Amino acid sequence: MSLLSVADALDRLLCGAKPAQRTESVPLHEAQGRVLAEDVAARLTQPPFDNSAMDGYAVRHADIAELGAVLKVVGTSSAGHAFEGSAGPGEAVRIFTGAPLPAFADTVLLQEDAEVLEDGRIRTTFLTAKGRHIRPRGQDFREGEVVLRAGDVLDAGRLTVAAAMNHAALTVYARPRIALLATGDELVPPGASPGASQIIASNTYGVSAIAREAGAEVIDLGIVGDDRQAMLEAVRHALTLDIDVLVTLGGASVGDFDLVQPVLGEAGMALDFWRIAMRPGKPLMVGRLGAVQVVGLPGNPVSSLVCSLIFLEPLVRRLARLPERSRLRAAVAAVPLQQNDRRQDYVRARIARGPGGELLVTPHDRQDSSMMKVFAASEGLLVRPPHSPAAQAGAACEILLLREPDA
């Protein structure tokens, strides 16, 4: 099977992604970032009464038509405590922001536009237009009005209006369920004491973070050694968990101990493609086990993370019904760049802001795909398309942004 381009591989992966139809009701405090599964209508009218937009005095406009008019203050209306009395001509009610507007009033005179006199009187110092500083009943929304639509992503503003419409919970699409299975006799979990030929299994944590940030519910299936039967049982167990995607970590190449692909085949996987024209991440594998998509990530930590950013993140967002999000940004090379070969390179790099706000890219000297500290120190990945010629400092380029650089 020939090497597939990154663009073609991503297109084939996403074409097979079918967003789950499962829905669930979640309380508002758990709904951040979720996607609405149905329209949301107001259960009440907001505001429920005419109210004051400012601190001041509720008046009849006819009483303040002339500058210097004197009115008697006969009561107070504050938030949660309406004025219950009556006021005749030439009388006003002290009112505060959000307080109900008394029935007699048609205007709010700002407190700074009134001079306070003795004996509870005020004198106008500014001509106020009729109807000013009043929020009418239903100005925001009315009972039965559809304010939020199915497909909306719930952010701070949408959660606030949902709460204001008197919804304590919302129906959203369920998060896609992603199961992670690390493979290899050499792996032990963090906190364990590795043997002479063993290493700490680290990939799961970075891949989990990327999947969760993209909107997934992640199930960690732990580590399975290089044992065909144990691996097959782990895969079959994963398929009982109502998952959308099975992600394997390591063992997808063609070495004597790389059992993932043959075991998945025995479990019934239809292989879509394998091996991508990219560096790092060449041995990426994609297939399907019935309704479950399978993504086999390389074992090298950096390769695993790069493939997760390029393939797993957009897959999860598609399954979660979230809008597409590109990490690609235009940038400028801060140093000369070498010529590239037939594979698309993702070069770990430091990113800084130039004097004009441009993103300046400096690749790290060492790019071995096992070196995690270099990835951790990188703000982005310099993208070098196949057969890119050498370029001088100052040349335009493209990066995959990992995090915003320091100012």
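Which residues, counting only those in the stretch 318-358, are among the small types (Gly, Ala, Ser) and touching a residue at least 40 places away in the same chain (Cβ under 8 Å)? Listed by number, the residues that qualify are Ala320, Ala330, Ala331, Ala333, Ala334, Ala349, Ala352. Residues that are part of a loop (DSSP other than H, G, I, E, B), within 25 Å of Gly250 (Cα to Cα) and modelled with pLDDT under 95 do occur in the stretch 349-366.
For Ala20, the conditions (1) surrounded by 13 or more Cβ atoms within 10 Å (Cβ to Cβ); (2) modelled with pLDDT of 95 or more; (3) within 21 Å of the chain's Cα centre (by Cα) are fulfilled apart from (2). When you check Gly138 against the structure, is it out of contact with any Ser or Thr (no Cβ under 6 Å at 6 or more places or on another chain) and either at pLDDT 95 or above or not assigned by TED's automatic domain parsing to the domain that holds Val35 (or both), yes or no? Criteria not met by Gly138. Beta carbons closer than 7 Å, at least 6 apart along the sequence or on distinct chains, pair a first residue in the stretch 370-398 that is in contact (Cβ under 8 Å) with a residue 12 or more places away in the chain with a second that is of a type in the set (Ser, Thr, Tyr) and part of a loop (DSSP other than H, G, I, E, B) for Met372/Ser202. Right, Pro386: in a loop (DSSP other than H, G, I, E, B) and touching a Lys or Arg at 6+ places or on another chain (Cβ under 8 Å) or not? In short, yes. In summary, Ser25 fulfils each of the numbered conditions (1) closer than 30 Å to Glu217 by Cα; (2) at pLDDT 95 or above; (3) crowded, with 16+ Cβ neighbours inside 10 Å with the single exception of condition (3).
If I filter the stretch 76-85 for residues that are of a type in the set (Phe, Trp, Tyr), under 49 Å from the mean Cα position of the chain (by Cα), in a strand (DSSP E or B) and not assigned by TED's automatic domain parsing to the domain that holds Gly287, do I get at least one hit? No, the conditions are met nowhere in the stretch 76-85. The number of residues in the stretch 220-240 that are under 23 Å from Leu271 (Cβ atoms) and either touching a Lys or Arg at 6+ places or on another chain (Cβ under 7 Å) or β-branched (Val, Ile, Thr) (or both) comes to 3. Is there a residue being over 26 Å from Gly33 (Cα atoms), surrounded by fewer than 22 Cβ atoms within 10 Å (Cβ to Cβ), polar (S, T, N, Q) and in contact with a strand residue (DSSP E or B) (Cβ under 8 Å, 6 or more places away or on another chain) anywhere in the stretch 164-177? No: the stretch 164-177 contains no residue that is over 26 Å from Gly33 (Cα atoms), surrounded by fewer than 22 Cβ atoms within 10 Å (Cβ to Cβ), polar (S, T, N, Q) and in contact with a strand residue (DSSP E or B) (Cβ under 8 Å, 6 or more places away or on another chain).
Conditions (1) at positive phi; (2) of a type in the set (Val, Ile, Thr), marked per residue:
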position: Ala87; (1), (2): no, no
position: Gly98; (1), (2): yes, no
position: Phe104; (1), (2): no, no
position: Val116; (1), (2): no, yes
position: Val153; (1), (2): no, yes
position: Met165; (1), (2): no, no
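When the stretch 86-126 is examined, which residues are found to be more than 49 Å from the chain's Cα centre (by Cα), under 17 Å from Ala65 (Cα atoms) and not in a strand (DSSP E or B)? Scanning the stretch 86-126 gives Gly88, Pro89, Gly90, Thr125. Being among the hydrophobic types (A, V, I, L, M, F, W, C), within 30 Å of Pro323 (Cβ to Cβ) and assigned to a loop (DSSP other than H, G, I, E, B) is true of Ala20. Just so you know, in the stretch 32-68 the residues that are over 28 Å from Arg137 (Cβ atoms) and outside the structural domain of Leu101 (by TED's automatic domain parsing) include one that is surrounded by the most Cβ atoms within 10 Å (Cβ to Cβ), and it is Arg34.
The values are calculated or read from the model by the stated rules, or taken from the named source; none is laboratory data. Remember, it's a predicted structure, so these values are computed and weren't measured experimentally. All Cβ positions, even for glycine, are placed from backbone atoms using ideal geometry, and neighbour counts span all protein chains on display.
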